[in-house]
Amino acid sequence: MARKGRSRNAGPSEGAVPGGEITLKGIPASPGVAIGRAFLLDSEEIPIVRQAVAPSEIPQEIARFEEALIKTRREILGIQAKISEEIGSEHGEIFNAHLMVLEDRALIEEVVTRLKDDQVAVESIFAEVLRKYVKAFSKVEDEYLRERTSDLEDVGRRILHNLTGLKRRGLSELAQPVIVVAYDLSPSDTASMHRQHVIGFVTDIGGRTSHTAIMAKSLEIPAVVGLETATRRIRPDDQLVVYGSTGTVIVNPEPQTLKTYEELKLKLETLDQALLKVKDLPAETPDGRRVQLAANIELPEEIPSVIAHGAEGIGLYRTEFFYMNRKDLPTEEEQFEAYRHVAKALAPHPVVIRTIDLGGDKFMSEFRVPHEMNPFLGWRAIRFCLARPDIFKVQLRATLRASVFGKIKLMYPMISGVEELRAANEILEEVKGELTREGKPFDPKVEVGAMIEVPSAALTVDLLAKEASFFSIGTNDLIQYSLAVDRVNEKIAYLYEPAHPAVLRLIRQIIDVAHEHHLWVGMCGEMAGEPALALILLGLGLDSFSTSPVNVPRIKQVIRAVPTFRAKEVVKEAMRLATGREVEDFAQGRLRELVPEAAK
Ligand code: PEP
Ligand code: MG
């Protein structure tokens, strides 16, 4: 990801305490406490040995240096071209500053002169000269020049890698448990993280329902996003405490702070164990109303966690992760195997397979999707699938074929109106015809649902009801589209309010109209995993909650503790309130009274 619009100003919410520890405040992305050493993505120390060279070897060293400069230039030009093509030339231009570093005559000449004087291998000379420059730049008054420090560090690191032949370490190659610190992590970075070794992560940008945050939750990795200055305030190997539930990151904690968080970590782990006790109990209200409580997954590897947390099925399988971190498209056979595996593992519970939702903040690694000004409003999800029936059909075939191995349901993302739903269903019918002719078995009664995540769909549920068998409310997108708040932008994260009266009214309308048409309606957005808001959703009559496996036990506690009439009372009161903050505070208060064990 290009470092676009990188803010260099210290965030208003961060502060240093006298002992030297620093507290940074960001956006809570994934709960829990992680304590460990910082791994700054792309800025690890490169081990350099100061090795003497004979005078006769100096020309060879100079040649090595020149080669490294050329190689680095080629690399940067390559990245620049890729970034320009994928997300726009204005982002590619950031790399011009990097290229300028490579042409800095003063720096190059100093390396060559010192090489001749000191007679040691060029990497150690270059590392020393680079350090000197970085130090000088970081001290200058002029902000523009000071900002060039990180360009210098980035390019310097590349040159050193090329001189030493050492490969840059990727997230999949980590050997020790670390807390990853990055400007940004793409969902595909997150998906490729080595789970044993990444115990937490923090990023400068991102919002609560960015897919990176969602991935962290499903991987059960404590995470804080939107910290703005983490990559500047944290150094490699600093000790970090990440408290994902509140969005707090403490850098080099004092012994007392460390002790407090170690105790909290232990307490939370014990609490989690206690929560798991409700795992095998039904998701049923005290007055006997049965609710479906399912889990969201991104990868089949999460099935053990789904089962361990007592979810009854999968309410959202985000299949697009199948298409990421790879150079080719997944074949029908590959997808069929995965879907069959998930269906079998969860049977007799249902598995809702959502057709690919690429675009927005999820991109296929190699598939060339043109740069768009507003990717969340652009060529994504069902729009992409309808434009590429060749890709869509492969997934539909695989899903249908897997449907005989369990209870599979199909669901389309980003439906904005009846036409899209009809068009998708037509393709589905074609595929069913093909499979029948080929003699390949599938469940002819496979249920087909639509996600309600676009306001136009929310307002036309009655019309969509004729073409679908169920609905699932995708609040992550519904909130961003109805409140006009980009879900991944940390600058406006304060406006992203699930409890906003407009959102509640839309949800109430979706549920009521769906029920009038005798269709069940679930929710698979992050909102369904918030215990206080679950109280309201329960009162609104939501039939199914689907959330990250870790949230399942807490939501079950809420369902099991609150009789329907109480939940309805909460709704009545909440609907009278004027702001999201008021609703949130009110719901948290009621949760503390009604289900103290599920309150944060
Ligand atoms: C949603 O939008 O609420 C949703 C569940 O889909 P995604 O988060 O994958 O966009
Ligand atoms: Mg969505």
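Quick notes
- Segment 504-583 shape via C-alpha gyration tensor axes, a/c threshold 1.5: rounded
- Distance between segment 417-455 and segment 215-256 - C-alpha centres, whole angstrom: 44 Å
- Listed by chain and number, the lysines placed with their C-alpha closer than 17 angstrom to that of K362 are K82, K217, K327; residues fewer than eight positions away on the same chain are left out.
- L459-R576 FRET efficiency (beta carbon distance; Förster radius 30 Å; 0.05 resolution): 0.85
- Debye, to nearest 20: dipole size of the chain, +1 on Lys, Arg Cβ, -1 on Asp, Glu Cβ: 1000 debye
- 20 Å Cα-Cα reach of K116 towards aspartates and glutamates, excluding residues that sit fewer than 8 places from it in its own chain: E57, E61, E66, E67, D104, E128
- Across K344/K409; K71/K139; K279/K556; K409/K432, pairs whose alpha-carbon gap is larger than 18 Å: K71/K139
- Residue (of V291, Q335, L316) at the positive-pole extreme of the chain, dipole from beta-carbon charges: V291
- Of all lysines in the structure, those lying under 16 Å Cα to Cα from K259, and not within fewer than 8 positions of it along the same chain, are K267.
- Ranked order, D104, D585 - accessible area, probe 1.4 Å, largest first: D585, D104
- Net length gained if the chain between E75 and D585 were fully extended (0.36 nm per residue, minus Cα distance): 178.5 nm
- Modelled label positions at L174 and D512, each set 7 Å beyond Cα in the direction of Cβ, lie 4.8 nm from each other.
- Semi-axis lengths (Å, descending) of the ellipsoid that matches the C-alpha gyration tensor of the chain: 47, 29, 21
- Ranked by the mean number of other Cβ atoms within 10 Å per residue, highest first, peptides 315-322, 296-303, 560-567 order as 315-322, 296-303, 560-567.
- Only beta bridges with both residues in the chain are counted; by DSSP, about 35 percent of them are antiparallel.
- Site pair F376 and E262 shows an inter-label distance of 4.1 nm when each label is modelled 7 Å from Cα along Cα→Cβ.
- Cα gyration tensor shape for segment 227-371, rounded if a/c is under 1.5, else prolate or oblate: oblate
- On the basis of the beta-carbon distance and an R0 of 41 Å, A347 and A387 show a calculated FRET efficiency of 0.75.
- Per residue, the accessible area of segment 284-598 comes to 37 Å² when a 1.4 Å probe rolls over the protein heavy atoms.
- The Cα-based radius of gyration of segment 284-598, divided by its Kirkwood radius, gives an Rg/Rh of 0.96.
- If the chain linking V49 and V112 were pulled fully straight, counting 0.36 nm for each residue of separation and taking away their Cα-Cα distance, it would gain 20.9 nm.
- Protein-only accessible surface at a 1.4 angstrom probe places the residues R437, R592 in the order R437, R592, largest first.
- Highest mean packing comes first when the peptides 425-435, 201-211 are listed by Cβ atoms within 10 Å, giving 201-211, 425-435.
The values are calculated or read from the model by the stated rules, or taken from the named source; none is laboratory data. The structure presented is a predicted model; accordingly, all values stated were derived computationally and were not measured. Cβ sites come from the backbone with ideal geometry, for glycine too, and all protein chains shown count toward neighbours. Accessible surface is based on the protein model in full, side chains and every heavy atom, while ligands, DNA and RNA are left aside. Shrake-Rupley method; radii C 1.70, N 1.55, O 1.52, S 1.80 Å.
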